[in-house]
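Presented below is the structure to which this report refers.
The numbers here are math on the coordinates, done by the rules we state, and not lab data. Note that the coordinates shown come from a computational prediction; the quantities given were computed from them, not determined experimentally. Cβ atoms come from the backbone with ideal geometry, glycine included; neighbour counts cover every protein chain shown.
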Amino acid sequence: MPLDPDLKNLLQMMEQIGMPDISKVTPEEFRDFNDNASVALNHEEIPIAKVKDLDIPVDGGKVKARFYSGFESNALIIYFHGGGFVFGNLQTHDSVCRLIARESGCNVLSVDYRLAPEYKFPTAVNDAYAAYSWVLDNSGSLGIAKERIGLAGDSAGGNLSAVISMKARDNGLQIPKVQLLFYPVVAADISSKSHREFSDGFFLTGTLSAWFMKQYMNSTADFLNPDFAVMNSGDFSGIPETIVFTAEYDPMRDQGESFVARLRAGGTKATGVRALGMIHGFASFYEISRSARNYVLMGAHAIGRILMDGSE
């Protein structure tokens, strides 16, 4: 399918404005540019009955989280934002979390995990796991049923969701009921067909992907760690039901679709949706592209139905 015309216009606009040259700016400067640009793209004000910022204890300190609640539901979606493990925060993903909350009918907790290069792997993983454990421990005061907790995330956040599901299984912690992943980074991929075809000109480039990984990793040995690249796991059984949205024009597309196949082979119920005409990051562009909005709505409705299945 042709590239979505709204996203094509966005790419042309980005080319005219010009992205920072990662060889000439610091990671902090790159983060500031992208965070500001992400917030500027989102204008829709989606009212939520209750929105509260919280602190979650983690090893070495605490991280911020934003709790969207007030629904007639005891289900919760824990959301991990994207941004290559380098940028992104509660505000850059405020609109998409509000949209998912409204359309799913579920409470949402957005987690502001610590970022690279100041906090390299596995800090983001540890923060995400601590947040999930904290929710389980505090489900009563949050008004959440432990059996109705799902994970969700986009890009790097999709990586964290997938990793936390496996860590919960391996550590004997209650696993989430479902996970919703938008174009997740699940492998250190530089050779797939999609990576070769779409590594230039479609928002996320191969050069930028490699730069993100360089900021996040300690050494190339991390590539072999399943907490870094979940496709390195030797066991794909006992994973919660998984919904994966990949983007047609995304260098990460093939690894996401391979992940679905590996989950199915391991006995996990997994649904893969290739979002036609889309690029990496489309969930954050839902106000620009009607098709992108429809894919986000599809994911929100699906996770909401699963989490509230059997509720009275």
(request) Under 23 Å Cα to Cα from Lys167, which lysines show up? Leave out anything in the same chain fewer than 8 places away. (result) Lys62, Lys64, Lys120, Lys146, Lys177, Lys269
(message) Given R₀ = 35 Å, what would the calculated FRET efficiency be for Ser141 paired with Ala210, taking r from the Cβ atoms and rounding to 0.05?
(response) 0.25
(message) Only Cα pairs within less than 10 Å get springs; with that Gaussian network setup on the chain, which residue of Leu297, Leu142, Leu99 has the largest fluctuation?
(response) Leu142
(request) For Leu297 and Leu3, calculate 0.36 nm times their separation in residues minus their Cα-Cα distance, and state this gained length in nm to one decimal. (result) 103.9 nm
(request) Please tell me the relative contact order of the chain in percent, rounded to the nearest whole number, where contacts are Cα pairs under 8 Å and at least six residues apart. (result) 20
(request) Rank Met19, Met217, Met252 by mean-square fluctuation in a GNM of the chain with C-alpha springs under 10 angstrom and give only the top-ranked residue. (result) Met19
(message) At 222 nm, what value in deg cm²/dmol follows for the chain if DSSP H runs of at least 4 each add -39500 (n - 2.57) and the sum is divided by all its residues, to the nearest 500?
(response) -12000 deg cm²/dmol
(request) In a Gaussian network model over the chain where Cα atoms closer than 10 Å are linked, find which of Phe212, Phe259, Phe30 has the largest mean-square fluctuation. (result) Phe30
